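**Student:** Pasting in a structure now, in structure tokens, and then I'll have a few things to ask.
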Amino acid sequence: MRLDKFLSKATELSRSDAKKVLHRGEITVNDNIVKDGSMHIDVANDEVLWVGEPLSVADGNRYILLYKPDGFECTLKAKEYPIVTDLIAVPEVGNLRIAGRLDVDTTGALLLSDDGAWLHRVTSPKHHQPKRYEITLANPMNADEQALAIKQIANGILLEGDNEKTRPAKLSFVDDTHATLILTEGKYHQVKRMMAYFGNKVIELHRASIGNITLDGLEMGECRFLTADEIKEF
Ligand code: URA
């Protein structure tokens, strides 16, 4: 990898700031000061220091699908619960960021990457990526209540505290306490708040898919790298 690219990946520096740092002689590669950003380095074996501090990046971006279990938090630093990155055994796991967080008690598909532009495409409502949620409700809904909820959710509903309606979404019922909801946006606690709108409570929530990416073949707590085709989907 080119040294200037490596620097901007390993630090918060822009390419032009990385150039200045190089120019000031602050970067050493294997103990030699290097000022030329076009130099190629071996990410796995060369030692790159910035004023004596080691820098590193994983070789290329990582795109990971995790089957999130209940009881894990989607944050970078543990507070009350263990964090999702505890489940991912890759180098530089701290560089991964989460696309579309899930609540501690929600299970299912979670995407993580260290490619900021890609993460933005996954989460941006502009890209309308469908996310399929499987819901277990506390209170049974009869046929009339189900039909009304399906219709209102298809038109969008105004959730408490919001000033815009939810985007049109598709709700369907498996039985009177089990439903599937396909959303193309990700407002805070959206599924739970949408069900609360109908006076109900979500007691189990599972995200089964994001776009065409499903959890097929993964056990809870397992993760895998996305395929090239899956990465291109976003
Ligand atoms: N909506 C919620 O309410 N919770 C989640 O974890 C995801 C979507």
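**Student:** Sticking with the crude label model, points 7 Å out along Cα→Cβ, report the distance from Ser16 to Thr227 in nm, one decimal please.
**Tutor:** 4.2
**Student:** Counting each DSSP H run of 4 or more residues in the chain as -39500 (n - 2.57), what helix-only mean residue ellipticity at 222 nm follows after dividing by all residues, to the nearest 500 deg cm²/dmol?
**Tutor:** -6000 deg cm²/dmol
**Student:** Now for a different question. Whole-Hz Karplus ³J(HN,Hα) for the range 191-205, in order, using 6.51 cos²θ - 1.76 cosθ + 1.60 and θ = phi - 60°, x for Gly and Pro?
**Tutor:** Coupling constants for the range 191-205: 5, 5, 5, 5, 6, 5, 4, 9, x, 10, 9, 7, 9, 9, 9 Hz.
**Student:** Counting only the heavy atoms of the protein chains, how much of Phe72 is accessible to a 1.4 Å probe, in Å² to the nearest 10?
**Tutor:** Per-residue accessible area (Phe72): approximately 40 Å².
**Student:** Might you tell me the accessible area per residue for the chain, computed with a 1.4 Å probe and given in Å²?
**Tutor:** Details: 12780 Å² over 234 residues.
Result: 55 Å² of accessible area for each residue.
**Student:** Classify the range 3-54 as rounded, prolate or oblate, taking a ≥ b ≥ c as the square roots of the eigenvalues of its Cα gyration tensor: rounded when a/c is under 1.5, otherwise prolate if a/b is larger than b/c and oblate if not.
**Tutor:** rounded
**Student:** From the Cα trace of the range 86-132, what convex hull volume per residue do you get, rounded to a whole Å³? If you can, show how the numbers build up before the last one.
**Tutor:** Values: hull volume 4.0 nm³, N = 47.
In the range 86-132, the Cα convex hull volume per residue is 84 Å³.
**Student:** Per-residue HN-Hα couplings for the range 141-154, Karplus 6.51 cos²θ - 1.76 cosθ + 1.60 at θ = phi - 60°, whole Hz, x for Gly and Pro?
**Tutor:** Computed from phi, the couplings for the range 141-154 are 10, 7, 4, 5, 5, 5, 4, 5, 5, 4, 5, 5, 5, 5 Hz.
**Student:** Scan the chain and hand back the longest stretch that contains none of the GluC sites (Glu not before Pro) lying in DSSP loops with at most 10 other Cβ atoms within 10 Å.
**Tutor:** Formally, the longest exposed-site-free interval is 81-159.
**Student:** Please report the relative contact order for the chain, taking Cα pairs under 8 Å with a sequence separation of at least 6, and give it as a percent rounded to a whole number.
**Tutor:** Answer for the chain is 19 percent.
**Student:** Another question, if that's okay. Not counting the cut sites, what is the longest span of the chain without trypsin sites (Lys or Arg not before Pro) that DSSP labels loop and that have at most 12 other Cβ atoms within 10 Å?
**Tutor:** On the way: sites that count: Arg24, Lys77, Lys79, Lys165, Lys201.
For trypsin sites (Lys or Arg not before Pro) (loop position, at most 12 other Cβ atoms within 10 Å), the longest site-free span of the chain is 80-164.
**Student:** Right, next: With all protein chains present, how much of the accessible area of the range 39-90 (probe radius 1.4 Å) comes from carbon and sulfur, to the nearest whole percent?
**Tutor:** Carbon-and-sulfur percentage of accessible area, whole number: 50.
**Student:** Further, regarding this structure: Which percent of Cα-Cα pairs in the chain sits in each 10 Å bin, short to long?
**Tutor:** 7, 27, 27, 20, 11, 7, 2, 0
**Student:** Still on this structure, please answer the following. What's the carbon and sulfur percent of the range 96-141's accessible surface, probe 1.4 angstrom, rounded to a whole number? Display every interim value, and only then the final one.
**Tutor:** Numbers: 960 of 1920 Å².
Within the range 96-141, the accessible surface is 50 percent carbon and sulfur.
**Student:** Taking 8 Å as the Cα distance limit and 6 or more residues as the minimum spacing, I'd like the relative contact order of the range 121-205 as a percentage. Mind showing how you got there, number by number?
**Tutor:** Details: 133 pairs, mean separation 34.3, N = 85.
Answer for the range 121-205 is 40 percent.
**Student:** Using modelled amide H (1.01 Å from N, peptide plane; none on Pro or chain starts), what sits under 5 Å from the amide H of Ile83, excluding residues fewer than 5 places away?
**Tutor:** Glu73
**Student:** To continue, here is another question. Provide the FRET efficiency to the nearest 0.05 for the Asp216-Glu80 pair, computing r from the beta carbons and using R0 = 30 Å.
**Tutor:** On the way: r = 31 Å, r/R0 = 1.04.
The calculated FRET efficiency here is 0.45.
**Student:** Then there's this: So which of Lys9/Lys35; Lys126/Lys201; Lys201/Lys232; Lys9/Lys232; Lys77/Lys126; Lys131/Lys192 end up more than 26 Å apart by C-alpha?
**Tutor:** Exceeds cut-off: Lys126/Lys201; Lys201/Lys232; Lys77/Lys126.
**Student:** Rounded, prolate or oblate, given the Cα gyration tensor of the range 130-210, with a/c below 1.5 counting as rounded?
**Tutor:** rounded
**Student:** Under 5 Å between amide H atoms, partner at least 5 residues away or on a different chain: which partners does Asn61 have, H built in plane at 1.01 Å?
**Tutor:** Under 5 Å from the amide H of Asn61 lies no amide H from a residue far enough along the sequence or on another chain.
**Student:** Pick out which of Gly108, Gly217, Gly161 has the largest mean-square fluctuation in a Gaussian network model of the chain, springs linking Cα atoms closer than 10 Å.
**Tutor:** Most flexible of the set in this elastic network: Gly161.
**Student:** Suppose R0 equals 30 Å; then what is the FRET efficiency for Ile182 and Ile88 from their Cβ-Cβ distance, rounded to the nearest 0.05?
**Tutor:** Details: r = 27 Å, r/R0 = 0.89.
Taking R0 as 30 Å, the efficiency between Ile182 and Ile88 is 0.65.
**Student:** Given axes a ≥ b ≥ c from the Cα gyration tensor, I'd like to know whether the range 1-105 is rounded (a/c under 1.5), prolate (a/b larger than b/c) or oblate.
**Tutor:** Numbers: a/c = 2.85, a/b = 2.67, b/c = 1.07.
Prolate, since a/c reaches 1.5 and a/b exceeds b/c.
**Student:** Moving to a separate point now. For the residue pair Leu148 and Lys165, what label-to-label distance in nm results when each label sits 7 Å from Cα along the Cα-to-beta-carbon direction?
**Tutor:** 1.7
**Student:** For the range 1-62, what does the relative contact order come out to in percent, with C-alpha contacts under 8 Å and a separation of six or more?
**Tutor:** 35
**Student:** Quick query: amide H of Gly108 versus all other amide H atoms, modeled in the peptide plane; which residues come in under 5 Å with a sequence gap of 5 or more or a different chain?
**Tutor:** Lys68, Arg207
The values are calculated or read from the model by the stated rules, or taken from the named source; none is laboratory data. Everything numeric in this text was worked out from a predicted model, so none of it was measured. Every residue, glycine among them, receives a Cβ derived from its backbone with ideal geometry; neighbour counts consider all protein chains shown. Heads up: the accessible areas ignore ligands, DNA and RNA and are worked out on the full protein's heavy atoms, side chains in. Shrake-Rupley method; radii C 1.70, N 1.55, O 1.52, S 1.80 Å.
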